[in-house]
Amino acid sequence: MSPDASPPSVAPPNTSGLWRTVAEIERYVASDGWGAPLRLFALVRTADALDRDPGLALRLPAHVVDEARADADHLTSVEQDGVPEVDDLDELLGQLAWPDGVDGAALVVERILVPPDAEAEVRAATSADDEAGRARALAAHPLAEDVRIAVGVLRDGRHECAVRSRSKDSDGEVATGADLVPGLVSALQATLQD
């Protein structure tokens, strides 16, 4: 960049409203420990929600109201009750749609990950017809890792991810970035399409 050029106007990921919200959601879910079901959240711009419902200011903590008035990108997450337990996450996401007042969505899900070589090894050793056997073999693989994945997306296309592994289960070890789980980002983004 030349000395005369302006610095980029995009905020670093760790200062954006969406990044902060995804990190907060991941820590919130982590406080319940491992083995949790899928959790789903609606994301709304707090300032817009306060404009639509001034009484909301009395129900939110004062510091949240102050932050929202100072930062138009401040988001409030609203956990969705009654999310069914499913074997196929894509099927669930394919059935979701959000009303216009929702600016984004976030979900948190636990998965078992194995390195690609280990997955190929298990696939070669198990029958293609035996999905349950393959899943058990992957879970039992010595390189398998339990992870918690949090993804947040906004209608304007912005997205953030956070991934915590069970072997490094501390807030300081959570990996973050916009493109850690692109398939899940795309699937969640599709729930916001008209």
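How do the pairs read when you match residues in the range 30-59 that are within 19 Å of Gly104 (Cα to Cα) with residues anywhere that are loosely packed, with under 11 Cβ neighbours inside 10 Å, using Cβ under 8 Å and keeping only pairs 6 or more apart or on different chains?
Short answer, once both residue conditions are applied: Leu38/Glu85.
Is it the case that some residue within the range 70-89 is surrounded by 13 or more Cβ atoms within 10 Å (Cβ to Cβ) and free of Cβ contacts under 8 Å to residues at least 12 places away in the same chain?
Within the range 70-89, none of the residues are surrounded by 13 or more Cβ atoms within 10 Å (Cβ to Cβ) and free of Cβ contacts under 8 Å to residues at least 12 places away in the same chain.
Counting just the residues of the range 128-142 that are part of a loop (DSSP other than H, G, I, E, B) and within 27 Å of Asp32 (Cα to Cα), which one comes out most open to solvent (accessible area, probe 1.4 Å)?
Among residues in the range 128-142 that are part of a loop (DSSP other than H, G, I, E, B) and within 27 Å of Asp32 (Cα to Cα), the one most open to solvent (accessible area, probe 1.4 Å) is Pro142.
The values are calculated or read from the model by the stated rules, or taken from the named source; none is laboratory data. Just so it is clear, the structure is predicted and the values come from calculations on it, not from any experiment. Virtual Cβ from ideal backbone geometry, glycine too; neighbours counted across all protein chains shown. For accessibility, only protein heavy atoms count, side chains too; no ligands or nucleic acids. Shrake-Rupley method; radii C 1.70, N 1.55, O 1.52, S 1.80 Å.
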